[in-house]
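Asker: Could you have a look at this structure, given as structure tokens, before my questions?
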Amino acid sequence: MITRLPPTLLYISFNKLASLRQYSLEFLHTPIDVIKYRCFGQSPQMIQAVIAESFQEVTHLFDRYSSKKGLAVTFSRYIVNIKV
């Protein structure tokens, strides 16, 4: 875990380093949610272009792999607490 820190932090002596890895399962409810998730941070024009180009294919895959709850997406997050 400590090797993934930015190089500037690798040479600081830490008094305390604690990390927590959190897993979660979440669901995307519509094909548009998939596109918005994939295009996070992009301009509205870019999102509309992706919808126009890929909506049918995304809908096909969404319908194929989703359950009644939606399309399952797993996340792995690290919460790091460092005291210098």
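Asker: Residues with beta-carbon under 14 Å from that of V73, excluding V73: net charge, scoring Lys, Arg +1 and Asp, Glu -1?
Answerer: +2
Asker: Now a separate question. Give the accessible surface of segment 14-76 per residue, rounded to a whole number of Å², with probe radius 1.4 Å and ligands, DNA and RNA excluded. Numbers along the way, then the final one.
Answerer: Details: 5070 Å² over 63 residues.
Using a 1.4 Å probe on heavy atoms only, each residue of segment 14-76 averages 81 Å².
The values are calculated or read from the model by the stated rules, or taken from the named source; none is laboratory data. Keep in mind it's a predicted model, so treat the numbers as computed, not measured. Every residue, glycine among them, receives a Cβ derived from its backbone with ideal geometry; neighbour counts consider all protein chains shown. Accessible surface is based on the protein model in full, side chains and every heavy atom, while ligands, DNA and RNA are left aside. Shrake-Rupley method; radii C 1.70, N 1.55, O 1.52, S 1.80 Å.
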